[in-house]
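J.: I'd like to ask you about the structure that follows.
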């Protein structure tokens, strides 16, 4: 094999060659390595050496750079199309946009963007939006000169005078907590490193509780207490989690009476609470129990708890303020086999309950006098969720509404009078909703289960079997992919592409069973559903068989890897962003972030039945000699959730076995983590590049026909 360093030089030199010289993908050295399972099973992994936890290995870095250079060469002819797409996407953005202000403790808080700036400015005004602006954080200034920058939690002290925030300038989800005096604008000398970014103020306005994470696995291990003006080394531990399958978070209850510590695994949870006036000793609300999940809030002298205890689709129960066990729980909102309870918000005169029925979200209003009502939707297929409701003593409920043709809209509903007012709709410059249509169809999977699919397309789209389809899904962790407005996809619609979201098993769109039947030893259902949706849509005439693109990221990237192996003939091009593709090797290594916390999602491969099942679909382990579709694979060097070496190894193996002439591109962002580049314009540039590649592969390189601005 050629030296990777030599290949990088050759690749860079090729970029100066004539356009007639076809780009040559980089080669990468094979180094035999045996991966062992505890029960004796072994696998050979020739590309295991590409893993470098420190990101310093010269040969590895040279290979990633060579892949980037190859991608540059292959995509160079598409630069005009990429630029056109980028111009369209950015052109739809109101660049000086702002969020809807939310009132809390006498101040109106909001975030805003300035024209040409990548990052938001977080600000507030006292008492009225006509008052002078106080800038809390200008993230543009903070991010200057950095390849990546993200602000996590931001919390203002109870007396409104101090700000605590967490920031990450690597993309690895290890945050530094900092403090600012809002009276003077001075940044305080206190800094706390090695945190998850989660933080909360105590009532004394000088004590902050935060979550510390492990620097290697990133597991949340301790809740600590920091007193301003003291060194972080003196911070005291108020809780330590010993079970590495749990993650922790902290917060305040609705009535500000308690600070809570929530620990959650895939299948169980536990809440602790302590007075916000003295958060030293935490009381367990109800001891953890396998297969029992719950989350709680306190208001009006009682706990309200959402739980699946004897209720697969969850129910609501109440408990007294001093509760310490489930024996004190009292059923309030009963379990319903047809309705999944996703969350709730407590108010003085009513409770807003986020539900899901027949694959669609809805908000139920339960009043203290026993009346029930539902927030009305405007379309048959939509997404609706609770908004930013910072105050409980109001009859006004904020909620967020969107559909595949309706930009995200924030409404306020007066629950006493029924009056509804629109606070804001996402500005989309040049977009005319009347030029687009949306459909909701059901495709029967191979086992007889009906899978919902949401579609959007430009009016006039001919369902005659000649069109192009872009199909998206996620299908893991019970995360529901609801029909939503995607302004970037308008550039696809205007070029004659139909955009589809497949609501496959592994999500929770159809209730808890939908999730349970798409994980662990049922994971293959996720892949079958996606493939069967593609075949069903093609059979119905939505697209030509050879004009189908598919996309997914992270666990959705696993989906892309699985369908590439199992049904390559059904797709012309796949986009796999930060894909989880080396399932077995990753889940055998407890030092990798997320591993131990996810045994109940994927299985523990140290147990032979799970090992064999996971091995049956793991994309890296199932690459074989066959014709693969075109692939655009993206990753971030500093990704802590899906390590860069997973897609790197996968691409190298695909190059070995692919018998087609379709291109395989691998793009590594050398500065970013799991979320990609942090600036909004940088993200749009990356997306435009992948869109250009997809459109080329689908045979669509012409300008948008009948663009939305016409």
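Rundown of residues vs (1) in contact (Cβ under 8 Å) with a residue 40 or more places away in the chain; (2) in a helix (DSSP H, G or I), yes/no style:
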{"residue": "514", "(1), (2)": "no, yes"}
{"residue": "533", "(1), (2)": "yes, yes"}
{"residue": "556", "(1), (2)": "yes, yes"}
{"residue": "579", "(1), (2)": "yes, no"}
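J.: Quick one: residue 166 ticks every box in (1) buried (at least 20 other Cβ atoms within 10 Å of the Cβ); (2) on the phi > 0 side of the Ramachandran plot bar one, so which box is it?
T.: (2)
J.: For residue 662, state whether it is surrounded by 24 or more Cβ atoms within 10 Å (Cβ to Cβ) and more than 17 Å from residue 43 (Cβ to Cβ).
T.: no
J.: Any chance region 173-184 includes a residue that's in the same structural domain as residue 232 (by TED's automatic domain parsing), within 22 Å of the chain's Cα centre (by Cα) and in a loop (DSSP other than H, G, I, E, B)?
T.: Yes, region 173-184 contains a residue that is in the same structural domain as residue 232 (by TED's automatic domain parsing), within 22 Å of the chain's Cα centre (by Cα) and in a loop (DSSP other than H, G, I, E, B).
J.: Filter region 412-423 down to the residues that are surrounded by fewer than 17 Cβ atoms within 10 Å (Cβ to Cβ) and within 28 Å of the chain's Cα centre (by Cα), then identify the one that is nearest to residue 97 (Cα to Cα).
T.: That would be 423.
J.: Which is touching a residue at least 12 places away in the same chain (Cβ under 8 Å) and out of contact with any strand residue (DSSP E or B) (no Cβ under 6 Å at 6 or more places or on another chain), of 519, 459?
T.: 519
J.: While we're on this one: So in region 80-90, with the set limited to residues that are surrounded by fewer than 20 Cβ atoms within 10 Å (Cβ to Cβ) and in contact with a helix residue (DSSP H, G or I) (Cβ under 8 Å, 6 or more places away or on another chain), which one is nearest to residue 25 (Cα to Cα)?
T.: If we take residues in region 80-90 being surrounded by fewer than 20 Cβ atoms within 10 Å (Cβ to Cβ) and in contact with a helix residue (DSSP H, G or I) (Cβ under 8 Å, 6 or more places away or on another chain), then 83 is nearest to residue 25 (Cα to Cα).
J.: Now a separate question. Provide a single number: the residues in region 532-558 that are within 30 Å of residue 595 (Cβ to Cβ) and either in contact with a helix residue (DSSP H, G or I) (Cβ under 6 Å, 6 or more places away or on another chain) or not assigned by TED's automatic domain parsing to the domain that holds residue 501 (or both).
T.: So the count comes out to 1.
J.: Continuing with the same structure: Test residue 190 against the criterion of being in contact (Cβ under 8 Å) with a residue 12 or more places away in the chain and in contact with a strand residue (DSSP E or B) (Cβ under 8 Å, 6 or more places away or on another chain), and give yes or no.
T.: yes
J.: Oh, and also: Only one residue in 583, 575, 642 is in the same structural domain as residue 683 (by TED's automatic domain parsing), farther than 20 Å from residue 216 by Cα and surrounded by 20 or more Cβ atoms within 10 Å (Cβ to Cβ). Which one?
T.: 575
J.: Of all residues in region 247-262, how many are surrounded by fewer than 21 Cβ atoms within 10 Å (Cβ to Cβ) and free of Cβ contacts under 8 Å to residues at least 40 places away in the same chain?
T.: 1
J.: Please go through region 437-455 and give me each residue that is in a strand (DSSP E or B), within 17 Å of residue 536 (Cβ to Cβ) and touching a residue at least 40 places away in the same chain (Cβ under 8 Å), ordered by number.
T.: 439, 440, 441, 443, 444, 451, 452, 453, 454, 455
J.: Still on this structure, I have one more. Can you go through 319, 327, 323 and tell me which one is farther than 20 Å from residue 480 by Cβ and free of Cβ contacts under 8 Å to residues at least 12 places away in the same chain?
T.: Details: 319 fails: free of Cβ contacts under 8 Å to residues at least 12 places away in the same chain; 323 fails: free of Cβ contacts under 8 Å to residues at least 12 places away in the same chain.
None of the other options fit; the residue is 327.
J.: From the list 405, 390, 394, which one is surrounded by 19 or more Cβ atoms within 10 Å (Cβ to Cβ) and not in a strand (DSSP E or B)? Explain how you work it out, then say what you get.
T.: Working: 390 fails: surrounded by 19 or more Cβ atoms within 10 Å (Cβ to Cβ); 394 fails: surrounded by 19 or more Cβ atoms within 10 Å (Cβ to Cβ).
Testing whether each residue is surrounded by 19 or more Cβ atoms within 10 Å (Cβ to Cβ) and not in a strand (DSSP E or B) leaves just 405.
J.: The conditions are (1) in contact (Cβ under 8 Å) with a residue 40 or more places away in the chain; (2) surrounded by fewer than 18 Cβ atoms within 10 Å (Cβ to Cβ); (3) over 22 Å from the mean Cα position of the chain (by Cα); (4) within 29 Å of residue 644 (Cα to Cα), and residue 144 fails exactly one of them. Which is it?
T.: So residue 144 meets the others, but not (1).
J.: Still on this structure: Which residues, counting only those in region 683-710, are at pLDDT 70 or above, touching a helix residue (DSSP H, G or I) at 6+ places or on another chain (Cβ under 7 Å) and part of a loop (DSSP other than H, G, I, E, B)?
T.: Selection gives 701 alone.
J.: If we keep just the residues of region 232-244 that are surrounded by 12 or more Cβ atoms within 10 Å (Cβ to Cβ) and assigned to a loop (DSSP other than H, G, I, E, B), which is modelled with the lowest pLDDT?
T.: 244
J.: Give the number of residues within region 306-316 that are in contact with a helix residue (DSSP H, G or I) (Cβ under 7 Å, 6 or more places away or on another chain) and free of Cβ contacts under 8 Å to residues at least 24 places away in the same chain.
T.: Total satisfying the criteria: 1.
J.: Output yes when any residue across region 459-470 is surrounded by fewer than 19 Cβ atoms within 10 Å (Cβ to Cβ), over 23 Å from the mean Cα position of the chain (by Cα) and in a strand (DSSP E or B), and no when none is.
T.: No: zero hits.
J.: Quick test for you: out of 123, 131, 84, pick the one residue that is farther than 17 Å from residue 427 by Cα, out of contact with any strand residue (DSSP E or B) (no Cβ under 8 Å at 6 or more places or on another chain) and either free of Cβ contacts under 8 Å to residues at least 24 places away in the same chain or assigned by TED's automatic domain parsing to the domain that holds residue 687 (or both).
T.: After ruling out the rest, the residue left standing is 84.
J.: From 71, 76, 102, which residue is over 30 Å from residue 603 (Cα atoms), at pLDDT 95 or above, surrounded by fewer than 17 Cβ atoms within 10 Å (Cβ to Cβ) and in contact with a strand residue (DSSP E or B) (Cβ under 6 Å, 6 or more places away or on another chain)?
T.: 102
J.: Continuing with the same structure: Just for region 635-672: of the residues that are in a strand (DSSP E or B) and free of Cβ contacts under 8 Å to residues at least 60 places away in the same chain, which one is farthest from residue 548 (Cα to Cα)?
T.: In the first step, residues of region 635-672 are kept if they are in a strand (DSSP E or B); the result is 635-636, 658, 664-669.
Okay, now just the ones that are also free of Cβ contacts under 8 Å to residues at least 60 places away in the same chain, so 635, 658, 669.
Working: 635: 23, 658: 19, 669: 27 Å.
Restricting to residues being in a strand (DSSP E or B) and free of Cβ contacts under 8 Å to residues at least 60 places away in the same chain, the top hit is 669.
J.: Being closer than 13 Å to residue 653 by Cβ and either in contact (Cβ under 8 Å) with a residue 60 or more places away in the chain or part of a loop (DSSP other than H, G, I, E, B) (or both) is the filter here, so list the residues in region 34-69 that pass it.
T.: Once the filter is applied, which keeps residues that are closer than 13 Å to residue 653 by Cβ and either in contact (Cβ under 8 Å) with a residue 60 or more places away in the chain or part of a loop (DSSP other than H, G, I, E, B) (or both), region 34-69 yields 43, 45, 46, 47, 48, 50.
J.: Would you check if there is a residue in region 671-682 being crowded, with 21+ Cβ neighbours inside 10 Å, at pLDDT 95 or above and within 30 Å of residue 174 (Cα to Cα)?
T.: No, region 671-682 contains no residue that is crowded, with 21+ Cβ neighbours inside 10 Å, at pLDDT 95 or above and within 30 Å of residue 174 (Cα to Cα).
J.: Continuing with this model, one more query. Identify the residue in region 495-512 that is assigned to a loop (DSSP other than H, G, I, E, B) and in contact with a helix residue (DSSP H, G or I) (Cβ under 8 Å, 6 or more places away or on another chain) and, among all such residues, is nearest to residue 314 (Cα to Cα).
T.: 508
J.: Just one of (1) surrounded by fewer than 24 Cβ atoms within 10 Å (Cβ to Cβ); (2) touching a residue at least 60 places away in the same chain (Cβ under 8 Å) trips up residue 490, so point out which.
T.: Going through (1) surrounded by fewer than 24 Cβ atoms within 10 Å (Cβ to Cβ); (2) touching a residue at least 60 places away in the same chain (Cβ under 8 Å) one by one, residue 490 breaks only (1).
The values are calculated or read from the model by the stated rules, or taken from the named source; none is laboratory data. Note that the structure is a prediction, hence the values are computed from the model and not measured. Every residue, glycine among them, receives a Cβ derived from its backbone with ideal geometry; neighbour counts consider all protein chains shown.
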